[in-house]
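Have a look at the structure below before the remarks.
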Amino acid sequence: MAARRGGSAVAGPPIHEARIETSAAGPEGYPPADLPEVAFLGRSNVGKSTLLTRLVGRRQLARTSSTPGKTRLLHFFRVVRGELALRFVDLPGYGYARVSRRERAGWQRLVETYLETRESLRLVVLLQDLRREPGDDETLLLAWLAERERNAIVALTKCDKLKPMRRAERVRALRPRFGIDPERVLATAAPTGAGIGELWRAIEAACPEANPRAEETASPARPSRGSS
Ligand SMILES: Nc1nc2c(ncn2[C@@H]2O[C@H](COP(=O)(O)OP(=O)(O)OP(=O)(O)O)[C@@H](O)[C@H]2O)c(=O)[nH]1
Ligand SMILES: [Mg+2]
């Protein structure tokens, strides 16, 4: 079911709510782990804030960067789409050239702690600019996530910046380069909405418990930890 290429309307259930909930500099600042979470990870300026804003069809949600590399916080957004309630987490970008070693270590501690320990994290979306070569940062991060059994997909961003032929070539060339199932590499373009429908489908598949209807049809034998 391919979305119409270049179509600007993103069909799907209505977004009832999309708002920043809190920003955190560490685990003590996280909101309660009571909703499934989707985290957006990638190099500074790759388009994380733009993509998550586009997913909820808002003009302004996550601030796009005027000072790249300066985001030192995890931003948590509460999103309700149709019957799905979930959180988006905008993670600080990496790879900004002008940061000190100390700042880099700070990024690593902040982001890795979240990715490693957050119980409600269901999906990591790693972003990669279609026009750039994926580097060790991307492949090592994906391998690191796989070791921890974290569910991850890749969103190729800024696909609108290339002409259709060149775009298709680049997407084909990049798909097998991440060490994950090439079908889990999606092409997106925030200005046109391309790939947004596919991305929502991947999010829904990763967050079945966010959907009350999915819950009804799911096996009732889910183990519970004694909570009534
Ligand atoms: N043409 C085009 N521009 C994009 C797209 N996605 C993001 N941009 C632009 O790229 C720039 C950076 O986008 P951001 O969303 O701020 O990037 P970020 O990954 O959040 O950056 P940091 O917060 O610094 O880590 C902005 O000028 C966006 O408008 C896209 O799909 N197409
Ligand atoms: Mg950002």
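Read-outs: derived from the displayed coordinates by stated rules, not from any lab. The structure presented is a predicted model; accordingly, all values stated were derived computationally and were not measured. Backbone-built Cβ (ideal geometry, glycine too); neighbour counts: all protein chains shown.
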TODO: Only residues that are buried (at least 17 other Cβ atoms within 10 Å of the Cβ), of a type in the set (S, T, N, Q) and closer than 29 Å to LEU174 by Cα: list them for segment 82-129, please.
DONE: GLN128
Open item on the list: All but one of (1) basic (Lys, Arg); (2) within 27 Å of ALA173 (Cα to Cα); (3) more than 15 Å from ligand 2 (Cβ to nearest atom) hold for ARG43; state the number of the condition that does not hold.
Closed with: (3)
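Counting just the residues of segment 81-119 that are among the aromatic types (Phe, Trp, Tyr) and more than 30 Å from ALA11 (Cα to Cα), which one comes out farthest from the chain's Cα centre (by Cα)? Walk me through how you get there before you give the answer.
As a first pass, look at segment 81-119 and keep what is among the aromatic types (Phe, Trp, Tyr): 88, 94, 96, 107, 114.
Then drop every residue that is not more than 30 Å from ALA11 (Cα to Cα), which leaves 94, 96, 107, 114.
On the way: TYR94: 15, TYR96: 19, TRP107: 17, TYR114: 14 Å.
Step by step, filter segment 81-119, then rank; the result is TYR96.
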- [ ] Among residues belonging to segment 136-193 that are without any contact (Cβ under 8 Å) to a residue 60 or more places away in the chain and in contact with a Ser or Thr (Cβ under 7 Å, 6 or more places away or on another chain), point out the one that is farthest from GLU116 (Cα to Cα).
- [x] ASP160
TODO: Just need a number here: residues in segment 22-57 that are more than 16 Å from ligand 1 (Cβ to nearest atom) and in a loop (DSSP other than H, G, I, E, B).
DONE: 8
